[in-house]
Amino acid sequence: MAETRNQNDGILPVQALRAAADAGIILSGDNDFIDGQLQPASLDLRLGAEAWRVQASFLPGADSTVAQKLDKFAMHKIDLSAGAVLERGCVYIVKLQESLALSADLSAMANPKSSTGRLDIFTRLITDNALEFETVSKGYHGPLYAEISPRTFSVLVRAGSRLSQLRLRRGEPHISDDMMQDLQRKVGLVHGTDAPDIRDGIALSVNLAPDTQSGMIGWRARKHAGLIDIDAPASVSVNEFWEQLTPDDLTAGGLVLNPDEFYILASREFVTVPKDHAAEMRAYDTRVGEFRAHYAGFFDPGFGVAEIGATPTRAVLEVRSHDVPFLIEQDQTVCRLVYEPMSAIPETLYGSGGSGSNYQSQGLRLAKHFIQD
């Protein structure tokens, strides 16, 4: 028997996000969106003017608000109005300009923006009474906060800077393995492998073969590099912050990930997100090794789609090892790409006119802040 779903369920597209703002479901300090804030299937969240340096990461729990926790754990308050430096290795909580008044059938989830992940800025959404990060329960009314912890580079941010993005979901859309198999046959969600592993999403593996043009296999972040202005694209030299990895860096056919160093690698597979679906790359799974792959997880409808001009597009993997050195090898599974249906096709697709798309047809692409040919 064919599987069915409520056609109104799914991830809300850009036009529905705009309508949600008009209806007072998404609220902001100035009651308006800025250029580029709305993406095909997500909303960029803006930092407010208030930030706090905290002793440790926390969740408020069912009986507490974030503000109540800050009264206990905040070390000092920081004004972001004119900009401030968030130091690597420190943890901050920032109140966001947006807040939510969700209806009973709407929930939300968040992820760091692609550039945030590629800068190794650990960023998670927190709500009042939350029991877990990055999720907003159905019917939530209240403020939004971001936990921010730069891991490799110190960053300059200010009120209005955008580090994370939010998706709204109506109902409980579900896509089974059988439905994923059908999509793979009809659309070709991933290319570059003869038999994709489809179980709770599609497995993606690492590519350590050298790029045909540059000869690179990836990037490794330099330690003790300078400051990055989060709102200044193409502002710093790539060589001051990154070193190239080539086949000479391989050991026994693999790449040894040094503990707490940060790497940019690419997937072996080429990824496509059809216009009626959105995707999320799920980070770190203890079953695949002692490392974390991919902080930034949202892939919008239109990513890698040839009909709108994209060339075959790999997923970029932000990878770091924990505790011990770890040997990662060619074709090793590192994460899974999970697809969800859209509630409607977005009026603007990723990579098409009007959509910010810094990473369409990407190779080993670093964050947009670096001057990179």
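The values are calculated or read from the model by the stated rules, or taken from the named source; none is laboratory data. Just so it is clear, the structure is predicted and the values come from calculations on it, not from any experiment. Note that we place each Cβ from the backbone using ideal geometry, even for glycine, and neighbour counts take in every protein chain shown. Quick note on the areas: whole protein, heavy atoms, side chains included, nothing else; ligands and nucleic acids left out. Shrake-Rupley method; radii C 1.70, N 1.55, O 1.52, S 1.80 Å.
For region 177-371, state the semi-axes of the equivalent ellipsoid (square roots of 5 times the eigenvalues of the alpha-carbon gyration tensor), sorted largest first and rounded to whole angstrom.
That gives 27, 21, 15 Å for the three semi-axes.
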Compute, for residue 187, the solvent-accessible surface of its heavy atoms (probe 1.4 Å) with the complete set of protein chains present, and express it in square angstrom to the nearest 10.
60 Å²
Tell me, what is a quarter of the convex hull surface for the C-alpha atoms of the chain, in nm² with one decimal?
18.6 nm²
DSSP-defined beta bridges in region 177-371 - what % are antiparallel, rounded to 5
90 percent
Write down the Kirkwood hydrodynamic radius of region 136-178, to one decimal in angstroms, obtained as one divided by the mean of 1/r over all alpha carbon pairs.
14.5 Å
Using alpha carbon positions and the Kirkwood radius, the Rg to Rh ratio of region 10-170 is 0.94
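Suppose every K and R has +1 on its Cβ and every D and E has -1 on its Cβ; what is the size of the dipole of region 74-203 about the Cα centre, in Debye to the nearest 20?
Charge dipole of region 74-203: 520 debye, to the nearest 20.
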Rounded accessible area of residue 220 (nearest 10 Å², 1.4 Å probe):
40 Å²
At 1.4 Å probe size, put 179, 216, 75 in order of accessible surface, largest to smallest.
75, 179, 216
Per-residue ellipticity at 222 nm attributable to helices in the chain (runs of n ≥ 4 DSSP H, -39500 (n - 2.57) apiece, nearest 500 deg cm²/dmol) works out to -2500 deg cm²/dmol
Sorting 198, 345 by accessible area (1.4 Å probe), largest first, what list results?
345, 198
Using +1 at the Cβ of each Lys and Arg and -1 at the Cβ of each Asp and Glu in the chain, identify which of 36, 371, 157 lies farthest towards the dipole's positive end.
157
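I need to check one value: relative contact order of region 10-170, counting alpha carbon pairs closer than 8 Å and at least 6 residues apart, in percent.
Computed value for region 10-170: 33 percent relative contact order.
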